[in-house]
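Structure first, then comments.
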Amino acid sequence: MNIYDGHVHTPYCPHGSKDEFRAYVEQAIQLGMSGLTFTEHAPLPDGFIDPTPEKDSGMELQSLESYITQIENLKCEYKDDLVIRTGLEVDYIEGFEQETHRFLDQFGPYLDDSILSVHFLKTPSGYHCMDYSPDVFGHLLTVLGSVEALYALYYRTLHKSIEAKLGQYKPKRIGHISLVMKFQHKYPNRHLAKKEILQTLDQIANQKLQLDYNSSGVMKPLCREPYPPDWIIEEAMKREVQLVYGSDAHRAKDLGQGFEQLKKEAPLSQP
Ligand SMILES: [Zn+2]
Ligand SMILES: [Zn+2]
């Protein structure tokens, strides 16, 4: 498995496992991977109140320095075995662009490679973490009126994330662009939002951003396909968008999860 995994969580994830960095690194070597980027959920922007019950969506700001230091130490220790990059999975949250810009200005210089993801949606009843659970997703449907309206809001927010002015350290890769399909077997959408998805790919191609080709959806019982699915990857390939594989592992043993379900012809890049 000579692949690079550009989306890996760590013991700093408050909702993930406590598997040590070393466990991920050793597992990657065992699998024959060429390298990985640690992309922990960045601290949420100043003033944003995490709507999840445990308020555990992002890492603590005060842990960031030791997070960065620990990865730097691993890079030296494993320099002959594996490429290791320091990264974050940064949330794009509508209305918190300035705070996110400030955060990136401060910490961007220490990052090699990052992902910009949409997990939170702004609705008339406040912010919701769209992928938290089927129940939250169902609640969002009652707030917004239909699955179609929810897809439309997700892709509108994704468009804003791609266009957002977040400064010179804005992440170069867009996370799991079909996360809205995570519960599709419970909440199917017959209209697929094809136009919005193609627009998203056009935007990504125009700005020469990379796509997180994320296999974790394969493992989700109500999704059962990668983020994004084959037809979107084919469209991305037509536009020559760079695809970077991401397992989105929250446990060391999940590195490489779902990889065999990805499109064989899809060319994978390193960040
Ligand atoms: Zn994510
Ligand atoms: Zn992730």
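Read the figures in this text as sums done on the coordinates, not as results from a lab. Bear in mind that the values here come from a model prediction, so they are computed numbers and not experimental data. Note: ideal-geometry Cβ built from the backbone for every residue, glycine included; neighbour counts use all protein chains shown.
Beta carbons within 10 angstrom, averaged per residue: use that to sort the peptides 173-181, 186-194, highest first.
Details: 173-181: 25.6, 186-194: 13.4.
For the peptides 173-181, 186-194, the packing ranking is 173-181, 186-194.
Which value at 222 nm does the chain reach when only helices count, each DSSP H run of 4 or more adding -39,500 (n - 2.57), with the total divided by all residues and rounded to the nearest 500 deg cm²/dmol?
Details: 8 runs with 90 residues, N = 271.
-10000 deg cm²/dmol, from helical runs alone.
In square nanometres, what is the average projected area of the Cα convex hull of the chain?
On the way: hull surface 52.2 nm².
Here the figure is 13.1 nm², rounded to one decimal.
Translational diffusion coefficient of region 165-209 at 10 °C, 1.306 mPa s, Stokes-Einstein with Kirkwood Rh over Cα pairs, in µm²/s as a whole number. Spell out each step's value before the answer.
Values: Rh = 12.4 Å.
Diffusion coefficient, whole number: 128 µm²/s.
At what distance in nm do the modelled label points of residue 99 and residue 237 sit from each other, each positioned 7 Å from its Cα along Cα→Cβ?
Result: 4.1 nm between the two label points.
Give the percent of DSSP beta bridges with both residues in the chain that are antiparallel, rounded to the nearest 5.
Details: 5 of 28 bridges.
So the antiparallel bridges amount to about 20 percent of the total.
Within the set 172/238; 208/264; 170/220; 79/208; 122/238; 122/170, which residue pairs have Cα atoms separated by over 26 Å?
Values: 172/238 19 Å; 208/264 23 Å; 170/220 29 Å; 79/208 29 Å; 122/238 32 Å; 122/170 21 Å.
With Cα atoms farther than 26 Å apart: 170/220; 79/208; 122/238.
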